[in-house]
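A short worksheet on the structure shown next.
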Amino acid sequence: MIIKRNPTFLPGLMFVIAAHGALFYFLLKQQFIAPPKQLETLLVNFIPAARPKEEPKPEPPVPPKSQPVKKPQSRQLVAETPAISESEPVALPPQPEPEPEPVAVAEPPPAQMPAGPITLSSELSVACPELNAPAYPALSRRLGEEGKLMLRVELDEKGRVNVAQVINSSGFKRLDEAAMAAVKTWRCNPPVRNGQPVRAVALQPFNFVLQGD
């Protein structure tokens, strides 16, 4: 039987034998080396280096105690009054003069407001020296319009007619307008009150009647 050997086997074997030999030699050397005759023990004492002395820290300066300020004692100045002997007369303080009593001043009576117009008891025509009768409207004549009406008339302070209004109509507008147009031309004497002419109110009737020729 022929055994073939690997060409790398021999070098590997040699490396293993060499490694074991080196290990054996190392162990043998460690076992047979004689220990030293005397072991010298060196004792080292560590001496601490001298530390520099610490200088004492200066204490903070103590502030001087503030002495209380003495307040000057207040002195009351009292005026010295000379002693009055019993024989000397003592002057009494002057008495205040009494205030004069207020004098009531009579105020003039307030001016009276002008009163309303005076109502005349009679017809307006009695107080009117200048008056004209109303003109009969021509159309009312042809149509035969007749009627009686009543006017309310207001006079001013000069006796002139300011307002005229129909209270009772005649039934025909033309007759009413003819009566108002005529009364506004009248001049009357206004009534007098306290020596002054005043306004007045009066009634004035008118009667429109057709008469034969």
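Read-outs throughout are calculated quantities, based only on the coordinates presented, and are distinct from any laboratory measurement. Note that the structure is predicted; figures quoted are calculated from it, not measured. In this analysis, Cβ positions are derived from the backbone assuming ideal geometry, glycine residues included, and neighbour counts consider all displayed protein chains.
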When the Cα centres of the stretch 113-152 and the stretch 174-213 are compared, how far apart do they sit, in Å? 4 Å
Separation between the His20 and Ile167 pseudo-spin-labels, each 7 Å from Cα along Cα→Cβ, expressed in nm? 17.4 nm
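Between Thr119 and Met150, 0.36 nm times their residue separation minus their Cα-Cα distance comes to what?
Here the answer is 9.6 nm.
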Quick one: putting +1 on the C-beta of Lys and Arg, -1 on the C-beta of Asp and Glu, what dipole do you get for the stretch 124-213 around its Cα centre, in Debye to the nearest 20? 160 debye
Using the Cα atoms as the points, what is the convex hull volume per residue of the stretch 152-213 in Å³? 94 Å³
Net charge (Lys, Arg +1; Asp, Glu -1) of residues whose beta-carbon lies under 14 Å from that of Ala179, Ala179 excluded, is 0
